[in-house]
Structure formats: C-alpha cells, structure tokens
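Everything below concerns the one structure shown next.
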Amino acid sequence: MPRQAIKRGRRPELMWGLGLDEMLKQQIEDGVGPGFHIRNFPTDSLPLGKDLSQDEKPSAAWIPWSVWSDFPEYRKEEYRDQDSTQRILIQSGEDKPLEMDQVLAEGFLTVVRTPLTRPKIQDVMFRAKEVTSMYSDIYRMTEEILLERELLARKTDQLMFLNKVLASATESLDASTILANAKDTLSLVLPIKMLHAAFWNHQQESEVADVEIFLNGKMPPESESIWVENIMASANFMGSGPVNGFNILHTDSARRPEYALMPEDGKLVTMPLTAGHETFGCLALLCEPGYRLGKDQVETFRSAVNHIGLALRNALTFKEVKRRADHDGLTRVFNRHSFEERLVYEIKRRRRYNHDLSLLMVDLDHFKQVNDTYGHMAGDMVLQKIGEILTTTFRTTDLAARYGGEEFVVLLPHTTEEAAWKLAERVRSVIADCNFHFDNQDFTITASIGVASVEGGALTTDDDLIIKADKALYQAKNNGRNMVVVSGQKPINRNRSAMQ
C-alpha cells in the first residue's frame, strides 16, 4: 500500500483574552469561528513582561473594561507597546459608555458592548484585519523606504569615495605621490597595510620590457628582495613578458617598522592597471586578513583602481615626455637646453650663498675617425657608453648633459676646483680604459677635459664658466689630448697622473 503524505492543517490564529468569563469567551469563539484559538488568562495570572516578549504574538486581545481599568499605568504601557496586537475593549451594560477618542487614547482599536453577538464580533474582526492589513502595507512601505535610503546612502558614500580617489589621483603627475595618496584613499574601503606597484614598458620592436618597481617604503634588503621577486612574478603573469632590467623606487623615503612586513603577513591582492585595453602595470595590496567586501564595494573598489590606473598612466606619459624634452635621445643624459637652464639657476644660487661651483667640458678625441672607420652606428654606441659613464660617475645633484656632437658638460654644484679636477681625471681614466667592440673589431677612445671653477666667497663677478671651461678644453686638445686642464693653469706643469 503506497505511503500517503501527512497533511497538516493550517494552524489557528492566536488571540488572547484577559480576564474573560466563560460566557464572554464562548461568545467570542462562536463569533470568530474555527480559524482562531483563544487563550484566556484569569485575572489572577494575567500576562507579564516575559509573556509579552515571547516570539508568538497574538493577533488580537479581548480586554473587559473592568479588567483594564484596574491596571496600573505602567502595565497599560506594556500592552500598548505591543504594536502587532490589536486590542479590543469590552464594555458591559453597567459600564459608562466611552467616547471613541477616549477608546483610541487608551490604545484600543475599538470598543464593543455586551452581549457579544456574532455580527458585532465579525464587524470587529473585519475592522481588525483591515487595520492589520493597513499596518502591514505601511510597515512594508517603511521597510522599502528605509532600504532605498540605505542604498542611496551607500551610493552616496561610494560616490564620495570615488570623488576622493579622483581628487587625490589627479592632484599630482608624480607616480610616487599618486601611489602614496592611493594607499590612503583605498584604505577607506579596504584596510591596506602596504601598497606596491610595478610598471613595464616594452622596448621598440621588441617583446623585452623595462620594469619600474615602486615599493611602499625602504625596507631591509631581505624583505625587499622577497617583495621584488613576488612583484616581478605578478608582472610577468600580467603581461610584462621577458624583462631587460628593473629599477626600484620608493614612495616613502623613510624606513618604518611596518615596511618589514612580508607577503604572508596579510592577504595579498594583486590587481592589473589598464588603459586603452592595454595592461601596463599592477598594484600589490597587502590587506588585513579575513576582511570581506560586499559585491557593490568590490565594484566600487575596481572603479577606484581604474581611476588610479589612468592617473598613473598619465603620470608615466608625462614623465616620458618630460624626459624626452629634457634629455638627449641617444645618450639619455640631459640635453643642452636643460643644461643652460640649470646653469643659470646654479649661478644665481652661487651668488646668493657663495658656495663653490665647477664645470667640466668633455670632448672625445678623434671621434670623427670612429665614424669614418667603423660607421655611425659604432659612433652612436660610443656616445651611449659615454652617457652611461657620466650618469654613473656623478652625484644625483650634479648634471651631465650632451652639449653637442661628441661634446659633453658636467655641472658640479658645491664642488671645489681640486675636487672637480679629481672627478675629471677619474672620468678621463674610465673612458681611456673602456674597450669597444663593433662588427668584430675592437677599439678604444680617449677624452680631453677642461675644468672651470668659481670658489665660494670669491670677489670676482666673472661667472662665465662655459668660456673658461672651453678655453681649458682647447688647451687640453692643443697639448696632446687625453688630458685634464684646469682653467687658468698651464698644462705644461701637469701630466696625466697629476693635476693638468
């Protein structure tokens, strides 16, 4: 015999009676019908606070006036606080009729007088259901309004967050500043411990990339090595491809304790940076573990990263344009225009603070023979190497520039004549010892260098360093080349191992 499913009847709706006698209870039960269950409380055991706070609340409570009028005020307030229960007041023939305003003021839906006939009870129930339905509609609409307000508030917060991201991202064209600001603004949504970044740029007609890594701040060498390895792996995965070399920069020049954190010290999130459907970099975010974002927060966060990505792309483009404008395209040192601007600035500073200022003028010896013998590509290779030597030899506060053709200049602020000569001699020696190889042929090249200086506190007003350095260079060329000559001194008293 097949098993039949057990059918459960609908549970009767609960109503309370407070101090009802048996006749009133029976009249109400007859009037409401079988769909309701009345739980009647005797007058000596009426519901207290714990009964009123139970999960199952009665839909209606029938209360005689004689019982209600004996309640203390605090007990009445407890019953009035039961919003989900419709209270119905019962008056006997002996009770003085109440005005409806007073009935409502007492917290009742309506009043009904004995005897409780079926039509009276049905009318009360219809009114109770109507009010309950109205309350339900109001409650639902209130919930919808509150939900819409909450959604609107969240949207407003998201827009304010994105506005802060845009404001902080566009206030600078320096990548370090943008990244430092990004950490602060993104932390408003996601608690970020550290923020690193990598950018890559593919060389022309090659899949090999140059990578620039921005670390949050200076850290111990072993920590930095781990982070660089991690970031380079992410860069390779996101499209950098084979790497020609990488350069490490820091968004914060200080070394703080928190910068010793490792990738395993939190949740590491790596996000690509794209512009025009091209991935040019990535962000590595070390976040607090166990922190989750809502779906809308994730979308907002991605939008913020996209805005930051565009700002970083603009900053990198600006940096490249500025570099091309300020630097010589072949040797990568500064160009003549940048040198002349810096020279004017340093001369003004020297006049104000009376510090030492020196200038080197470097000219490659017999460079035309290199071009004539090995070709212009070999000449370009030599010039590139000279630019590299000048870049690595001097301080970041010095300025090396290509002055024209095979001629270079180096501006040395806060450098005495003696120190300038030593630097010039070092550069001359490095160039002379450099071996070049091109088209299966080996060759070397030498350089002549003129040095000019203005000592701090000097009473002279002759700050034309270029003329002085050029005359010194002419002497070096005239007296055998591959030597250093200091302006105003005779090269005959100098040799290659002593001050020229």
Query raised in the report: Is it true that some residue in the range 370-389 is over 29 Å from Phe438 (Cβ atoms) and of a type in the set (Asp, Glu)?
Result: no
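Return the residues of the range 224-278 that are among the aromatic types (Phe, Trp, Tyr), crowded, with 17+ Cβ neighbours inside 10 Å and under 17 Å from Trp200 (Cα atoms); say none if nothing qualifies.
Trp227, Phe246 - these are the residues of the range 224-278 that are among the aromatic types (Phe, Trp, Tyr), crowded, with 17+ Cβ neighbours inside 10 Å and under 17 Å from Trp200 (Cα atoms).
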Query raised in the report: Wholly within the range 319-424, which helices (runs of 4 or more DSSP H) include no fewer than the required count, namely at least 3 residues that are hydroxyl-bearing (Ser, Thr, Tyr)?
Result: 336-353, 376-393
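Residue-wise test of (1) buried (at least 17 other Cβ atoms within 10 Å of the Cβ); (2) under 42 Å from the mean Cα position of the chain (by Cα).
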site	(1), (2)
Ile386	yes, yes
Thr391	no, yes
Gly404	no, no
Phe436	no, no
Ile449	yes, no
Report task. Could you please tell me which pairs satisfy a Cβ distance under 9 Å, a separation of 6+ or placement on different chains, a first residue in the range 345-373 that is more than 26 Å from Val484 (Cβ to Cβ), and a second residue that is β-branched (Val, Ile, Thr)? Result -> Arg351/Thr461
Requested in this report: Could you tell me whether any residue of the range 178-190 is in a loop (DSSP other than H, G, I, E, B), within 19 Å of Leu285 (Cα to Cα) and without any contact (Cβ under 8 Å) to a residue 24 or more places away in the chain?
Outcome: yes
Report task. Mind listing whichever residues of the range 42-63 are of a type in the set (Gly, Ala, Ser) and at pLDDT 85 or above? Result -> Ser45, Ser59, Ala60, Ala61
**Report entry** Unique residue being of a type outside the set (A, V, I, L, M) and within 28 Å of His355 (Cβ to Cβ) when the list is Gly379, Gly387
**Finding:** Gly387
Query raised in the report: From the residues in the range 52-70 that are closer than 12 Å to Trp16 by Cα and within 60 Å of the chain's Cα centre (by Cα), which one is surrounded by the fewest Cβ atoms within 10 Å (Cβ to Cβ)?
Result: Glu56
**Report entry** Hits in the range 455-500 (condition: more than 19 Å from Glu418 (Cβ to Cβ), at pLDDT below 80 and exposed (fewer than 14 other Cβ atoms within 10 Å of the Cβ))
**Finding:** Leu459, Thr461, Asp462, Ile492
Report summary line: For Val427, the lone unmet condition from (1) part of a helix (DSSP H, G or I); (2) modelled with pLDDT under 95; (3) buried (at least 16 other Cβ atoms within 10 Å of the Cβ) is (2)
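The values are calculated or read from the model by the stated rules, or taken from the named source; none is laboratory data. Values in this document were obtained by computation on a predicted structure and should not be read as measured data. We place every Cβ from the backbone using ideal geometry, glycine too, and count neighbours over all the protein chains shown.
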